[in-house]
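S.K.: Got a structure here, written out as structure tokens. Questions coming.
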Amino acid sequence: MQVRYIANACFRITLSTGETLLTDPWFDGPCQQTWWNFPPVPDALKAEIWASRPDLIYISHLHHDHLHPQTLAPFDKATPVIVGKLNTPNLRNAVKACGFTNITEIPFETRTPIGRGACEAVIFKDFHGNTRGDETQVDYDLDTSLYLYDADGTRLFNAVDNTILPADAARIAAEYGAPDIAMLPYASASLYPMGMGDYDDAAKTAAMTALRERTRGNFRENVKALGAKRVIPAGGEYVLGGQAAGLSRFLPQPLASELVAEVGADVLAKLYPGDLLDSATLKVTEDARATHRGFTDDERAAYALTLADRTASFAETVLPSDLAFDWPRALKKCAANYAARRARMGLELAADIYLDLRKPDGSRSVLFKFATDHDEAAVAAETGEGDRARLVYEMDERLAFNLITALLSWNAMEASALITLRRSPDEYMHDVHRSIVHFTLLS
């Protein structure tokens, strides 16, 4: 088996049968408005992968850095695509919307022949779920992971973005065998700490450092529990461009040198675009076209600044100057939809949410308040004070328009760092962040 890294969570895996499997293709253009591949993928490598005609494509989940229409567009739409058999049709429908016609849903944790049948795959569902209650857009199967059994006995595990803990890794090793090669997540992807409005640069740096330490520790313990011979850190490999480019200096992704210190150079296989890891020798063949090998935080941040002029597409939204969009009415409708869905979920938290929408010039368009424990919602004069928990989302009104019309996803836009968040107390409210996907006109 040969594993070639392309970008982020995209790998071209060549099995002993000669068949090729491409995972989660995103290697061309931005995703989620502000994310750009880092290290960048050479154009020649892009062309090579598009021309390679993979025998199979695996899509782990819906997020744009794994299911990227622009990257997928050049591929033959008859290429077989494998996905997990989720509890909603969302992923299958999204793949179908990209034009693919041969989609196979594999039941979770079931060894299933793939391709010509000599190799088998096992797909794992969310190890720890998303959130509670509603099985439509909140408590649905999202992340999946892939375990491959090659015909020659080689084993590979690709966790992708699935939140894997050491106990999960130990179970996989015990029940399915310690893999020869594993791809494990090592970084978080959220607005924290880049988009925290109440943090100055020192606070963001401190939060970044603490988050790195925690994710490095989890990576180390997962490596120990899984027992793979070589481990590739993968996923969350991007910088922020456009108006968020300057925030890339606070990205909490650990550097290769930090990961080597945790697990050792004999285990860690840090790959750059085009690099190939061979399962027989466990050696890496480097692609001479790859850049930024051994990059530092400063080098990553400097590259991001070269993308500062890449305007996010939401900015193309133009509200007619001679027509007044009725923001209070639209937001009240969104709040009513959210309240109805919240009731179905049984979600009741004593917290207020403020949407602070800004015009392109930075002046306030509207400040709107709704709650997660009652149905009252209205325009507000200012954000609240006192002991009651509150979240304040500040954003461009054009971005808000794309969110309430569901052209863009709330969760993805948080990760884009296009939303500035202020919160009291300074604690993560998991169910609020997950459930806000229902604050739309279409829920």
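S.K.: Kindly provide the set of residues from the stretch 286-310 that are in a loop (DSSP other than H, G, I, E, B) and either within 25 Å of Arg216 (Cβ to Cβ) or touching a Pro at 6+ places or on another chain (Cβ under 7 Å) (or both), ordered by number. Show your work before the answer.
M.R.: Within the stretch 286-310, the first condition is being in a loop (DSSP other than H, G, I, E, B), and the residues that meet it are 286-296, 306-310.
The answer is Glu286, Asp287, Arg289, Ala290, Thr291, His292, Arg293, Gly294, Phe295, Thr296, Arg310.
S.K.: Looking at the stretch 323-348, which of its residues are open to solvent by 80 Å² or more (accessible area, probe 1.4 Å) and free of Cβ contacts under 8 Å to residues at least 60 places away in the same chain?
M.R.: Answer for the stretch 323-348, where residues must be open to solvent by 80 Å² or more (accessible area, probe 1.4 Å) and free of Cβ contacts under 8 Å to residues at least 60 places away in the same chain: Leu323, Ala324, Arg329, Lys332, Glu348.
S.K.: Further question: I'd like to verify a number: residues in the stretch 222-250 that are under 16 Å from Phe157 (Cα atoms) and either modelled with pLDDT of 95 or more or surrounded by fewer than 20 Cβ atoms within 10 Å (Cβ to Cβ) (or both), how many?
M.R.: Pass one, the stretch 222-250, residues under 16 Å from Phe157 (Cα atoms): 222-235.
Going one step further and asking which of them are either modelled with pLDDT of 95 or more or surrounded by fewer than 20 Cβ atoms within 10 Å (Cβ to Cβ) (or both), we end up with 222-234.
Residues meeting the conditions: 13.
S.K.: Is it true that some residue in the stretch 329-349 is in a strand (DSSP E or B), out of contact with any Cys (no Cβ under 6 Å at 6 or more places or on another chain) and closer than 18 Å to Ile419 by Cβ? Spell out how you get there, then give the answer.
M.R.: Taking the stretch 329-349 and keeping what is in a strand (DSSP E or B), we get none.
Looking through the stretch 329-349, none of the residues is in a strand (DSSP E or B), out of contact with any Cys (no Cβ under 6 Å at 6 or more places or on another chain) and closer than 18 Å to Ile419 by Cβ.
S.K.: Here's something else I'd like to know. I'd like to check something: does the stretch 407-421 contain any residue that is under 24 Å from Ser188 (Cα atoms), in a loop (DSSP other than H, G, I, E, B) and among the acidic types (Asp, Glu)?
M.R.: No, that holds for no residue.
S.K.: Same structure again: Give Phe368, Phe314 a once-over and let me know the one that is under 30 Å from the mean Cα position of the chain (by Cα), crowded, with 18+ Cβ neighbours inside 10 Å, assigned to a helix (DSSP H, G or I) and of a type in the set (Phe, Trp, Tyr). Walk me through it before giving the result.
M.R.: Values: Phe368 fails: assigned to a helix (DSSP H, G or I).
From the options Phe368, Phe314, the qualifying one is Phe314.
S.K.: Could I ask something else about it? Applying the selection to the stretch 411-436, what residues are among the β-branched types (Val, Ile, Thr) and at pLDDT below 90?
M.R.: Our first condition is that a residue be among the β-branched types (Val, Ile, Thr); within the stretch 411-436, this holds for 419-420, 432, 436.
Scanning the stretch 411-436 gives a single hit, Val432.
S.K.: Given (1) open to solvent by 20 Å² or more (accessible area, probe 1.4 Å); (2) in contact with a helix residue (DSSP H, G or I) (Cβ under 7 Å, 6 or more places away or on another chain); (3) aliphatic (A, V, I, L, M), where does Leu86 come up short, assuming only one miss?
M.R.: (2)
S.K.: If we keep just the residues of the stretch 202-216 that are among the polar types (S, T, N, Q) and in contact (Cβ under 8 Å) with a residue 24 or more places away in the chain, which is farthest from Leu255 (Cα to Cα)?
M.R.: Thr205
S.K.: Here is a follow-up. When both residues are 6+ apart or on different chains and their Cβ atoms are under 7 Å apart, which pairs have a first residue that lies in the stretch 54-83 and is touching a residue at least 40 places away in the same chain (Cβ under 8 Å) and open to solvent by 50 Å² or more (accessible area, probe 1.4 Å), and a second that is in a helix (DSSP H, G or I) and of a type in the set (S, T, N, Q)?
M.R.: Hits for this filter: Leu62/Asn90.
S.K.: To continue, here is another question. Out of curiosity, is Asp387 open to solvent by 80 Å² or more (accessible area, probe 1.4 Å) and within 25 Å of Glu427 (Cα to Cα)?
M.R.: On the way: open to solvent by 80 Å² or more (accessible area, probe 1.4 Å): yes; within 25 Å of Glu427 (Cα to Cα): yes.
Judged against the criteria, Asp387 is a match.
S.K.: Show the residue pairs that are 6+ apart or on different chains and have beta-carbon atoms under 6 Å apart, the first residue being within the stretch 222-235 and under 16 Å from Ala9 (Cα atoms), the second being among the aromatic types (Phe, Trp, Tyr).
M.R.: Listed by first residue and then by second, the contacts come to Pro233/Tyr186.
S.K.: Go through the stretch 258-278 and give me each residue that's within 23 Å of the chain's Cα centre (by Cα) and not acidic (Asp, Glu). Steps first, answer last, please.
M.R.: Filtering the stretch 258-278 down to residues within 23 Å of the chain's Cα centre (by Cα) leaves 258-259, 268-275.
Selection gives Leu259, Leu268, Ala269, Lys270, Leu271, Tyr272, Pro273, Gly274.
S.K.: Follow-up. Taking the stretch 38-75 on its own, how many of its residues are aliphatic (A, V, I, L, M) and farther than 25 Å from Ala415 by Cα? Talk me through it step by step, then tell me what you get.
M.R.: Residues of the stretch 38-75 aliphatic (A, V, I, L, M): 41, 44-45, 47, 49, 51, 56-57, 59, 62, 67, 72-73.
Next, only the ones that are farther than 25 Å from Ala415 by Cα stay: 44-45, 47, 49, 51, 56-57.
Result for the stretch 38-75: 7.
S.K.: Considering the stretch 169-201 alone, what residues qualify as being charged (D, E, K, R), under 13 Å from Gly227 (Cβ atoms) and in contact (Cβ under 8 Å) with a residue 40 or more places away in the chain? Walk me through how you get there before you give the answer.
M.R.: Taking the stretch 169-201 and keeping what is charged (D, E, K, R), we get 171, 175, 180, 198, 200-201.
If we keep only those that are under 13 Å from Gly227 (Cβ atoms) too, we end up with 171, 175, 180.
Hit for the stretch 169-201 is Asp180, nothing else.
S.K.: What are the residue pairs meeting all of these: first residue in the stretch 94-120, first residue in contact (Cβ under 8 Å) with a residue 24 or more places away in the chain, second residue in a helix (DSSP H, G or I) and open to solvent by less than 70 Å² (accessible area, probe 1.4 Å), Cβ atoms under 7 Å, and 6 or more apart or on different chains?
M.R.: Cys98/Pro69; Cys98/Leu72
S.K.: Next question, about the same structure. Of everything in the stretch 349-364, what is open to solvent by less than 40 Å² (accessible area, probe 1.4 Å) and touching an Asp or Glu at 6+ places or on another chain (Cβ under 6 Å)? Give them in sequence order.
M.R.: Of everything in the stretch 349-364, those that are open to solvent by less than 40 Å² (accessible area, probe 1.4 Å) and touching an Asp or Glu at 6+ places or on another chain (Cβ under 6 Å) turn out to be Asp356, Leu357.
The values are calculated or read from the model by the stated rules, or taken from the named source; none is laboratory data. Remember, it's a predicted structure, so these values are computed and weren't measured experimentally. Ideal geometry is used to build each Cβ from the backbone, glycine not excepted, and the neighbour counts take in all protein chains shown. Calculation scope for accessible area: heavy atoms of the full protein, side chains included, ligands and nucleic acids excluded. Shrake-Rupley method; radii C 1.70, N 1.55, O 1.52, S 1.80 Å.
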